[in-house]
Amino acid sequence: MLTHPPLSTTPMKHLLLSILLLGSQLHAAEPQRFDLTKRASVIDPRAKEHPEIKFTFTDDKGKSADLQHAVVDTRVPSQGKLVIWLMGHNQGLFERISSYGYHGIQPHYSNGWFAGVTKAQYEGGDGTVLGKIRLEAATGEDFSPLVDIPKPDGMKERALQFVKWLAKENPEGKWGQFLNEEGSSLRWEKVILSGISHGSTTAARFAMHQKVDRVVMFSGPRDNTETWQGGASATPSNRFFGFTHVLDGGWTANHYCRSWQLLKMHNHGPIVDVDTAKPPYGNSRRLITNIDVKNNSGRAHTIVVPGGKDAMGQWGYDEVLRYLFTHPVEQSGPAVPMAADCEMEQQRK
């Protein structure tokens, strides 16, 4: 009887291993929305706490306070734009901007400086006190004598280090497109800065210092007794977009209309009520809403971003959001005069 030598198991093992590796690679490359998080203090060991301005890595309950968020949806063709959101994470917003083909990050940076600035310091300046503090918080560079924010704790460096980490950890997302060749800076011409309230104000201040692709400002900017909004801007006025509710205290006190006019947004169309208009809203840069919020100014302040709810528990501004983030900046409404009923000369009360 003929016999055969036993079959070697090595080729079979190699085949199985190859199949497993191929399956893993196929799974990793499967288009999807990636929602990513990482603590800033883990990404960059240079990051420091500044308890004197209530800027720490954990909150009073011991929960991580420096967790950063990112999003990209590889199922959608990339538009080559990076949204930097300068406020607490908003999942609804991130899901929507990723559906446009945008990348998004929410960096943790030293924005808790309010507690360390006195009323006398606010009032004793030249109209740029808050603006200089905001710029230092954004850049980590020495613009204000009232705060000391090192470069690794400013928004600019935190965003850079986060994108570098994402480029390494999430290659499917192609985050490297937002880094310069040396990896020493973001490609700011690809960046859309956005935020609400305090965040929208800092976004505007940084965009005046550094040219960016676009600025999307919700419920802002504030700093109503400051004059920095009327200074020279590296980012042209047609790239600033604003949206607020008319019962928001910042609107009723003329903070927002004042900032919008100082930013020269009236050169690109009249104020448009989105409740009675449709996209492209006359190509305007200044949008408002008067949807029912039961006369609640707090709700009016937050309703303009995903998660904000009207009296019926709904948020109805998907078309507005898409317009604010994607409308071609070259398409601009007609210039109109500054509104006479917007108080431009304001005193701190």
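The values are calculated or read from the model by the stated rules, or taken from the named source; none is laboratory data. Just so we're clear, the structure is a prediction, and the values are computed from it rather than from any experiment. Methodologically, a virtual Cβ is constructed for each residue, glycine included, from the backbone with ideal geometry; neighbour enumeration extends over all protein chains shown.
Remarks
- Residues located in region 273-301, provided they are hydrophobic (A, V, I, L, M, F, W, C), touching a Leu at 6+ places or on another chain (Cβ under 9 Å) and more than 17 Å from ARG239 (Cα to Cα): VAL274, ALA277, VAL293, ALA300
- Condition broken by ARG285, with the remaining ones in (1) among the basic types (Lys, Arg); (2) crowded, with 20+ Cβ neighbours inside 10 Å; (3) farther than 21 Å from TYR323 by Cα satisfied: (3)
- Pick from region 307-349, criterion surrounded by 15 or more Cβ atoms within 10 Å (Cβ to Cβ) and polar (S, T, N, Q), ranking: nearest to ASN295 (Cα to Cα): THR326
- Residue check for GLY249: at pLDDT 95 or above, buried (at least 23 other Cβ atoms within 10 Å of the Cβ) and under 21 Å from GLU345 (Cα atoms): no
- The listed residue being under 28 Å from ALA120 (Cβ atoms) and at pLDDT below 95, out of THR202, THR225: THR225
- Evaluation of SER200 against (1) in contact with a Lys or Arg (Cβ under 9 Å, 6 or more places away or on another chain); (2) over 22 Å from SER284 (Cα atoms) (one fails), failing number: (2)
- In this entry, LYS309 passes the filter for residues that are within 29 Å of GLY101 (Cα to Cα), among the charged types (D, E, K, R) and at pLDDT below 95.
- Any hit, region 294-301, residues being touching a residue at least 24 places away in the same chain (Cβ under 8 Å), buried (at least 17 other Cβ atoms within 10 Å of the Cβ) and assigned to a loop (DSSP other than H, G, I, E, B): no
- Residue check for ARG258: within 30 Å of ALA120 (Cα to Cα), part of a loop (DSSP other than H, G, I, E, B) and either in the same structural domain as GLY92 (by TED's automatic domain parsing) or not β-branched (Val, Ile, Thr) (or both): no
- First in region 129-140 and crowded, with 21+ Cβ neighbours inside 10 Å, second anywhere and part of a helix (DSSP H, G or I) and at pLDDT below 95, Cβ under 7 Å, 6 or more apart: VAL129/GLN121; VAL129/TYR122; ILE133/TRP113; ALA137/TRP113
- Some residue of region 233-242 being over 25 Å from GLY316 (Cα atoms), in contact with a Pro (Cβ under 8 Å, 6 or more places away or on another chain) and modelled with pLDDT of 95 or more: no
- Residues that are touching a residue at least 24 places away in the same chain (Cβ under 8 Å) and among the hydrophobic types (A, V, I, L, M, F, W, C), drawn from region 30-56: PHE34, LEU36, ALA40, ILE43, ALA47, ILE53, PHE55
- When GLN177, GLN161 are screened for being farther than 27 Å from TYR323 by Cα and either in contact (Cβ under 8 Å) with a residue 40 or more places away in the chain or not in a loop (DSSP other than H, G, I, E, B) (or both), only GLN161 passes.
- One residue from GLN121, GLN106 being surrounded by 20 or more Cβ atoms within 10 Å (Cβ to Cβ), polar (S, T, N, Q) and without any contact (Cβ under 8 Å) to a residue 40 or more places away in the chain: GLN106
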